[in-house]
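The values are calculated or read from the model by the stated rules, or taken from the named source; none is laboratory data. These numbers come from a predicted model, not from an experiment. Here the Cβ positions follow ideal geometry from the backbone for every residue, glycine too, while neighbour counts run over all protein chains shown. SASA here: full protein model, heavy atoms, side chains in, ligands and nucleic acids out. Shrake-Rupley method; radii C 1.70, N 1.55, O 1.52, S 1.80 Å.
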Amino acid sequence: MTSRNSNRPRSTATAAGRGPLRAVPQNATAGDVTALWAEQQFAVLKVHETPEYGSPAWVQLRAEDPRRAAAVIEAAELWRRHRAREDWLDQLLEEDPKQWFAIVTADADAEAARIAPMLARRPTNAELAARQQRPVPRPVTASPGWPPVAIPGRPGWWRHCIDGQQTDLPYRTTPGQENSA
């Protein structure tokens with residue numbers, strides 16, 4: 001079983017006892033009365049922990065188990081609060097769209113503020129792409145007075161510098177060069 005105390009209906013008044021509510025504030029709304037009634041039921045049932053309504057633990061409870069009834073009351077109260085908030089937000093959207101937007105995006109704004117420093121330290125996609133680019137290879141160039149250079153990708157071919165011109169030949173010795181060894 002899971003403790004659902006954080007979602008349990010609560011109000012400032014304590015209404016313990018069976019029967020109708022005895023102390024209802026004068027300007028209480030229907031939702032206030034319902035919340036007081038739900039709190040009274042929890043006090044009467046003497047339930048401290050309830051399984052989540054509809055969960056396997058709830059289904060396994062006997063019909064006369066007070067935790068079963070408490071879970072139903074808790075679920076009903078949570079749904080009532082959810083609907084009240086949705087109705088309030090719908091009304092607020094019509095009356096003050098800027099305030100509505102501020103309320104519905106408050107959690108996202110807080111999360112964005114929390115992760116912004118971490119995101120600022122991460123490289124952008126452009127920076128990552130730039131890191132992955134290889135530099136353009138330098139062309140193979142034979143130098144005058146030096147031995148010929150093997151050409152990458154063409155096995156057996158050599159680049160020679162003959163009369164200042166780059167010439168590819170299938171052999172390593174340059175015509176007209178003596179072997180100095």
When restricted to Ala69, Ala84, Ala120, the only residue open to solvent by less than 80 Å² (accessible area, probe 1.4 Å), of a type in the set (Gly, Ala, Ser) and free of Cβ contacts under 8 Å to residues at least 40 places away in the same chain is Ala69
It is to be established whether one or more residues within the range 75-91 are aliphatic (A, V, I, L, M), within 23 Å of the chain's Cα centre (by Cα) and assigned to a helix (DSSP H, G or I). no
Selection status of Pro137, modelled with pLDDT of 90 or more, assigned to a loop (DSSP other than H, G, I, E, B) and either open to solvent by 80 Å² or more (accessible area, probe 1.4 Å) or under 30 Å from Leu93 (Cβ atoms) (or both): no
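Looking at the structure I just gave you, is Ala71 at pLDDT 85 or above and either part of a loop (DSSP other than H, G, I, E, B) or not hydroxyl-bearing (Ser, Thr, Tyr) (or both)? Please lay out each step first, then the result.
Values: at pLDDT 85 or above: yes; either part of a loop (DSSP other than H, G, I, E, B) or not hydroxyl-bearing (Ser, Thr, Tyr) (or both): yes.
For Ala71, the condition - at pLDDT 85 or above and either part of a loop (DSSP other than H, G, I, E, B) or not hydroxyl-bearing (Ser, Thr, Tyr) (or both) - is met.
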From the residues in the range 150-181 that are modelled with pLDDT under 85 and either among the β-branched types (Val, Ile, Thr) or within 16 Å of Pro139 (Cα to Cα) (or both), which one is least open to solvent (accessible area, probe 1.4 Å)? Thr174
Val59 being open to solvent by 50 Å² or more (accessible area, probe 1.4 Å) and modelled with pLDDT of 85 or more: yes
Residues of the range 15-48 satisfying the condition of being open to solvent by 90 Å² or more (accessible area, probe 1.4 Å) and at pLDDT 85 or above: Trp37, Lys46
Limited to the range 38-68, what total is found for residues that are closer than 25 Å to Val24 by Cα, of a type in the set (Val, Ile, Thr) and outside any helix (DSSP H, G or I)? 1
Can you find even one residue in the range 99-108 that is in a loop (DSSP other than H, G, I, E, B), β-branched (Val, Ile, Thr) and closer than 30 Å to Thr29 by Cα? yes
